[in-house]
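Structure first, then comments.
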Amino acid sequence: MNIRLFFDVDATRHSVVIGLRSRGVDVLTSLEAGTTEETDDAQLAFATAQGRVIYSFNVGDFCDLHSRWLSAERPHAGIVLAQQQQLAVGEQIRRLVRFVNALSPEDMQNRLEFLSDWG
């Protein structure tokens, strides 16, 4: 099984979602899920319940959440972070496809990755 992604409201760009879906990547956005008004903690909990790795530009908050969840022995399905405005749409798509094809959902359990490492 391949990694399935959940884009939080900060990371959701229609062009990236369409590009990933056209390449066979399973993507769900917070808008589609009706979770746009939820906290980051609730977004991570939703993604985990759905078995999805969350993708966000909210680096500081999700690094903190990752640490807090691990300290509390609270498992999550994985987190991928990128700096907003750092990568063009095509580069985000290429790196996310590379990431999804390289790792399994099991590999991503309780793991934090930075999209900048997938260049």
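At-a-glance table
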{"quantity": "In the range 108-119, residue most open to solvent (accessible area, probe 1.4 Å) [restricted to those that are assigned to a loop (DSSP other than H, G, I, E, B) and within 25 Å of Phe46 (Cβ to Cβ)]", "calculated": "Gln109"}
{"quantity": "Members of the range 82-111 found to be touching a Leu at 6+ places or on another chain (Cβ under 7 Å) and within 15 Å of Cys63 (Cα to Cα), listed by number", "calculated": "Ala82, Asn110"}
{"quantity": "Exclusive hit being among the hydrophobic types (A, V, I, L, M, F, W, C), outside any strand (DSSP E or B), open to solvent by 30 Å² or more (accessible area, probe 1.4 Å) and farther than 12 Å from Ala11 by Cβ, set Leu65, Leu70", "calculated": "Leu70"}
{"quantity": "Every residue from the range 76-107 that is in a helix (DSSP H, G or I), open to solvent by less than 70 Å² (accessible area, probe 1.4 Å) and not acidic (Asp, Glu)", "calculated": "Val89, Gly90, Gln92, Ile93, Arg95, Leu96, Val97, Phe99, Val100, Ala102"}
{"quantity": "Subset of the range 49-81 (residues that are polar (S, T, N, Q), touching a residue at least 12 places away in the same chain (Cβ under 8 Å) and more than 17 Å from Val100 (Cβ to Cβ))", "calculated": "Asn58"}
{"quantity": "Residue ID - most open to solvent (accessible area, probe 1.4 Å), chosen from residues in the range 1-13 that are β-branched (Val, Ile, Thr) and at pLDDT below 95", "calculated": "Val9"}
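The values are calculated or read from the model by the stated rules, or taken from the named source; none is laboratory data. Predicted model only: the values in this text are computed from it and were never measured. As a convention, Cβ positions derive from the backbone with ideal geometry for all residues, glycine included, and neighbour counts pool all protein chains shown. To get the accessible areas, we keep the full protein, side chains included, count just its heavy atoms, and leave off ligands, DNA and RNA. Shrake-Rupley method; radii C 1.70, N 1.55, O 1.52, S 1.80 Å.
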